[in-house]
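Colleague: The structure's right below; bear with me while I get my questions together.
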């Protein structure tokens, strides 16, 4: 202690203290600050980004701007994350075919490898939701009963009881969830595309998302059980009423006509 | 029955047949023979549209039969239980006992789901049948004297049937029907002054409470079916008493009924038709799902689904609510929710409009005579126009009730549909009325033309001087009768405006309105004069190139 005290007026003391302070703040920052993905600079990642940027310049930049900063025709993509890119391009919604109340789903325009490159480029623009890995959206890892409760609480007011979709205002709509890849359902919940609210992991943990996917797999796929027969679209009483009129009353009137036409004749006329 | 027993006694002496002994024992106590004699030979005319009422009767019978089976397994209780049944996506979920027992019926009770589906499909078909039956009665004028009361009984059956259906589909306490009950609670709450009290009484406290399933249950299985059964029996007794109406035709008059006897022809036919109706409904129930409560989940007030519509017969009230602007008045610390209250008031008015029509028509036309011959709809253009206008209103509102499904399936904006229904509510019935009246008059002209000039055969004949004419074939006597049998009443006359001294007569304004309506009904713009005998003779005995 005496030594330190004696040298504290040394001309270089201030410099040493400054170096210590810088090292401490820098070290703390390096230890505690969130590390953005773009920071990891392995060579394959940078190739992905470069390739993605090329694809982006050709297919996306006309609306979203040369650097993804957005324009009057498309929103900024800084910070939307790779999950949003994987969902939008993977379901064919992007690149958009035509403007309208809502961007339509259509056959995909890019291979999964190209989508990954685009996603890597967009992710490099700023941190955002990351494409989930297969364990996260595997329906086998979810509880369908819990998922059903979550679905009815959070989703069915737009997507209907079993995900058949429904109408929104001004020609917009919540699409059907039948046949949608579990990965895309997961990403939609995470990123909230178009009119959908987003359900980030802070409000809906990854497990809850898997539960919802498990519920949809149980009730809304080609091999889900329909013990009652034809579902008539699972759309509720409207198709049921239509069916009762056409096939119920319709058939009964046909039968009545048949019965009335076959009568005993008192005499041949 | 009586004839066969008589012959057996005359031809065969000896011990009486046990059947005869039973019949005689009963006859001496309840007058069986007399009852049978007067009623078994009752004549019924044959027409498919006369069997629509039977469709309703039989689907009601099916409803009672299947309903009894369902009561054996249903628990009308809102106690909370945890589901442990075979349907995996609900295992471990908390639900009311009512919902759990409906799940039990659907998945574990033998034949339970089929019976549930037969019950529900029959309900839809029962009420659809009542509407179609009512329309047949309306368009053919079968509601006229002496059948006005029976018209009202039938209408009341329809009205109660709607609520019978509503209380029924609310029982499983699933998310869809619970939303419907919530809707009803909202409608009750919108009633000024008494709304909150009524709601508290019905739900035993704040919604949803623990009351409504048991209350709906006793209404659904006891009160409403009891009233309906009584009305239905009265309805049928009156049909027997009035005798059936018949379409005009040769040999059919206001004083006879041409058809087949009730026994044995109609007992066989009607009995067979019951099984056909049961068969069609059972086939539908075996093919198509109805109200799959397992996909909807148990009711919780914090959950809701899109596509939440009532069953079709309540759909027009849903339409009224959906298209009504959300107006409300806030004054003196109270809220009057006009957006709900006005539809709630229009709902019974829509139905009452058709209920009171027979009385309005007989008042306007001054027709006090008995009618057993039916009208052909074209010969009463105003009535037919009114009926079509009513149906147009009804179905426009049904479209409004399903506006979200119309939007998604036809790629339309929901606002466009709502606005179309708002405008259509006023415009479409009016258009339908005038269009129908025009079409009826056109058909009357065609009838007149057919009577006078015969049927167009499509054969073109060239006359010696080069003229081409189409050969018309005169109608036979029977067809001529059908086309000309209807009476063509004249509108009411108020008489001259001034009396013999030139003093203006005082005419009651109500009488004036009545005369105007009557002119609208039977005036020159509402019926084409049917051909007279002289006209017919002149044309047919004439130059004979037809």
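The values are calculated or read from the model by the stated rules, or taken from the named source; none is laboratory data. These numbers were taken from a predicted model, which means no experiment stands behind them. Cβ placement follows ideal geometry from the backbone for every residue including glycine, while neighbour counts extend to all protein chains displayed.
Colleague: Given the condition over 17 Å from the mean Cα position of the chain (by Cα) and farther than 21 Å from residue A:200 by Cα, answer yes or no: does some residue in the range A:73-86 qualify?
Modeller: The answer is yes; a qualifying residue exists.
Colleague: For the range A:213-232, how many residues are surrounded by 17 or more Cβ atoms within 10 Å (Cβ to Cβ) and more than 7 Å from chain B (Cβ to nearest Cβ)?
Modeller: Adding up the residues that qualify gives 5.
Colleague: Which ones in the range B:349-368 are closer than 20 Å to residue B:131 by Cα and out of contact with any helix residue (DSSP H, G or I) (no Cβ under 8 Å at 6 or more places or on another chain)?
Modeller: B:349, B:352, B:356
Colleague: Between B:445, B:519, which is at pLDDT below 90, under 27 Å from residue B:357 (Cα atoms) and either loosely packed, with under 10 Cβ neighbours inside 10 Å or outside the structural domain of residue B:370 (by TED's automatic domain parsing) (or both)?
Modeller: So the residue among B:445, B:519 that is at pLDDT below 90, under 27 Å from residue B:357 (Cα atoms) and either loosely packed, with under 10 Cβ neighbours inside 10 Å or outside the structural domain of residue B:370 (by TED's automatic domain parsing) (or both) is B:519.
Colleague: Still on this model: So which residues in the range B:298-337 are within 11 Å of another protein chain (Cβ to nearest Cβ), touching a strand residue (DSSP E or B) at 6+ places or on another chain (Cβ under 7 Å) and assigned to a loop (DSSP other than H, G, I, E, B)?
Modeller: Scanning the range B:298-337 gives B:299, B:306, B:307.
Conditions (1) away from every other protein chain (no Cβ under 14 Å); (2) touching a residue at least 60 places away in the same chain (Cβ under 8 Å), marked per residue:
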site	(1), (2)
B:54	no, yes
B:58	no, yes
B:68	yes, no
B:74	yes, yes
B:86	no, no
B:90	no, yes
B:125	no, yes
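Colleague: Which pairs turn up if I take residues in the range B:15-43 that are farther than 21 Å from residue B:257 by Cα and not assigned by TED's automatic domain parsing to the domain that holds residue B:260 and look for partners that are surrounded by fewer than 15 Cβ atoms within 10 Å (Cβ to Cβ) and at pLDDT 80 or above with beta carbon separation below 7 Å, at least 6 apart in sequence or on another chain?
Modeller: Every condition considered, the pairs that remain are B:32/B:26.
Colleague: Of the conditions (1) in a helix (DSSP H, G or I); (2) surrounded by fewer than 20 Cβ atoms within 10 Å (Cβ to Cβ), residue B:390 satisfies every one except a single condition; which number is it?
Modeller: Going through (1) in a helix (DSSP H, G or I); (2) surrounded by fewer than 20 Cβ atoms within 10 Å (Cβ to Cβ) one by one, residue B:390 breaks only (2).
Colleague: I've got another one for you. Inside the range A:233-266, can you point out the residues that are facing chain B (nearest Cβ under 7 Å) and either surrounded by fewer than 17 Cβ atoms within 10 Å (Cβ to Cβ) or assigned to a loop (DSSP other than H, G, I, E, B) (or both)?
Modeller: A:235, A:236, A:245, A:257, A:263, A:264 - these are the residues of the range A:233-266 that are facing chain B (nearest Cβ under 7 Å) and either surrounded by fewer than 17 Cβ atoms within 10 Å (Cβ to Cβ) or assigned to a loop (DSSP other than H, G, I, E, B) (or both).
Colleague: Within the range A:174-208, track down each residue that is surrounded by 22 or more Cβ atoms within 10 Å (Cβ to Cβ) and touching a strand residue (DSSP E or B) at 6+ places or on another chain (Cβ under 8 Å).
Modeller: A:174
Colleague: Go through (1) in contact (Cβ under 8 Å) with a residue 12 or more places away in the chain; (2) over 30 Å from residue A:249 (Cβ atoms); (3) within 11 Å of chain A (Cβ to nearest Cβ); (4) in contact with a helix residue (DSSP H, G or I) (Cβ under 8 Å, 6 or more places away or on another chain) one by one and return the number of the condition residue B:94 breaks.
Modeller: Status for residue B:94: all satisfied but (4).
Colleague: Would you check if residue B:207 is part of a helix (DSSP H, G or I) and either touching a residue at least 12 places away in the same chain (Cβ under 8 Å) or not assigned by TED's automatic domain parsing to the domain that holds residue B:65 (or both)? Before the answer, list the steps.
Modeller: Numbers: part of a helix (DSSP H, G or I): no; either touching a residue at least 12 places away in the same chain (Cβ under 8 Å) or not assigned by TED's automatic domain parsing to the domain that holds residue B:65 (or both): yes.
Spelling it out, it is not the case that residue B:207 is part of a helix (DSSP H, G or I) and either touching a residue at least 12 places away in the same chain (Cβ under 8 Å) or not assigned by TED's automatic domain parsing to the domain that holds residue B:65 (or both).
One line per residue, one yes/no per condition, for (1) closer than 30 Å to residue A:166 by Cβ; (2) free of Cβ contacts under 8 Å to residues at least 40 places away in the same chain; (3) not in a loop (DSSP other than H, G, I, E, B):
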| position | (1), (2), (3) |
| --- | --- |
| A:56 | no, no, yes |
| A:67 | no, no, no |
| A:83 | yes, no, yes |
| A:89 | yes, yes, yes |
| A:117 | no, no, yes |
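Colleague: Looking at the range B:399-417 only, could you name the residues that are over 26 Å from the mean Cα position of the chain (by Cα) and more than 10 Å from every other protein chain (Cβ to nearest Cβ)?
Modeller: Across the range B:399-417, the qualifying residue is only B:410.
Colleague: Exactly one of these conditions fails for residue B:49: (1) surrounded by 21 or more Cβ atoms within 10 Å (Cβ to Cβ); (2) within 11 Å of another protein chain (Cβ to nearest Cβ); (3) assigned to a helix (DSSP H, G or I). Give me its number.
Modeller: Of (1) surrounded by 21 or more Cβ atoms within 10 Å (Cβ to Cβ); (2) within 11 Å of another protein chain (Cβ to nearest Cβ); (3) assigned to a helix (DSSP H, G or I), only one is false for residue B:49: (1).
Colleague: Let me ask something else. In this structure, does residue B:248 turn out to be crowded, with 17+ Cβ neighbours inside 10 Å, at pLDDT below 90 and over 30 Å from residue A:247 (Cα atoms)? Step through it out loud before you land on a result.
Modeller: Numbers: crowded, with 17+ Cβ neighbours inside 10 Å: yes; at pLDDT below 90: yes; over 30 Å from residue A:247 (Cα atoms): yes.
Yes.
Colleague: Could you count how many residues in the range B:97-111 are surrounded by fewer than 20 Cβ atoms within 10 Å (Cβ to Cβ) and within 12 Å of chain A (Cβ to nearest Cβ)?
Modeller: Qualifying residue count for the region: 2.
Colleague: Ok, one more. Return the only residue of A:45, A:69 being modelled with pLDDT under 85 and surrounded by 11 or more Cβ atoms within 10 Å (Cβ to Cβ).
Modeller: A:45
Colleague: Which one of these does residue B:535 not meet: (1) touching a residue at least 40 places away in the same chain (Cβ under 8 Å); (2) assigned to a loop (DSSP other than H, G, I, E, B); (3) under 22 Å from residue B:250 (Cα atoms)?
Modeller: If we test residue B:535 against (1) touching a residue at least 40 places away in the same chain (Cβ under 8 Å); (2) assigned to a loop (DSSP other than H, G, I, E, B); (3) under 22 Å from residue B:250 (Cα atoms), just (2) comes out false.
Colleague: Take the residues of the range B:398-416 that are part of a helix (DSSP H, G or I) and in contact with a strand residue (DSSP E or B) (Cβ under 9 Å, 6 or more places away or on another chain): which is farthest from residue A:240 (Cα to Cα)?
Modeller: Among residues in the range B:398-416 that are part of a helix (DSSP H, G or I) and in contact with a strand residue (DSSP E or B) (Cβ under 9 Å, 6 or more places away or on another chain), the one farthest from residue A:240 (Cα to Cα) is B:414.
Colleague: Between B:212, B:163, B:216, B:159, which is buried (at least 19 other Cβ atoms within 10 Å of the Cβ) and under 26 Å from the mean Cα position of the chain (by Cα)?
Modeller: Among B:212, B:163, B:216, B:159, only B:216 is buried (at least 19 other Cβ atoms within 10 Å of the Cβ) and under 26 Å from the mean Cα position of the chain (by Cα).
Colleague: Now, a different point. Given the conditions (1) more than 25 Å from residue A:142 (Cα to Cα); (2) in a helix (DSSP H, G or I); (3) touching a helix residue (DSSP H, G or I) at 6+ places or on another chain (Cβ under 7 Å), which single one is not true for residue B:89?
Modeller: Residue B:89 satisfies all of (1) more than 25 Å from residue A:142 (Cα to Cα); (2) in a helix (DSSP H, G or I); (3) touching a helix residue (DSSP H, G or I) at 6+ places or on another chain (Cβ under 7 Å) except (1).
Colleague: Another question, if that's okay. Taking the conditions exactly as written (assigned to a helix (DSSP H, G or I) and over 26 Å from the mean Cα position of the chain (by Cα)), does residue B:442 satisfy them or not?
Modeller: For residue B:442, the condition - assigned to a helix (DSSP H, G or I) and over 26 Å from the mean Cα position of the chain (by Cα) - is met.
Colleague: While we're on this one: Kindly establish whether residue A:165 is touching a strand residue (DSSP E or B) at 6+ places or on another chain (Cβ under 8 Å) and facing chain B (nearest Cβ under 8 Å). First the steps, then the outcome.
Modeller: Working: touching a strand residue (DSSP E or B) at 6+ places or on another chain (Cβ under 8 Å): yes; facing chain B (nearest Cβ under 8 Å): yes.
For residue A:165, the condition - touching a strand residue (DSSP E or B) at 6+ places or on another chain (Cβ under 8 Å) and facing chain B (nearest Cβ under 8 Å) - is met.
Colleague: Starting from residues that are part of a helix (DSSP H, G or I) and without any contact (Cβ under 8 Å) to a residue 24 or more places away in the chain, keep the ones in the range B:237-264 and report whichever is nearest to residue B:486 (Cα to Cα).
Modeller: B:241
Colleague: Could I ask something else about it? Anything in the range B:261-294 that is facing another protein chain (nearest Cβ under 8 Å) and surrounded by fewer than 17 Cβ atoms within 10 Å (Cβ to Cβ)? List them, or say none.
Modeller: Listed by number, the residues that qualify are B:265, B:272, B:286, B:287.
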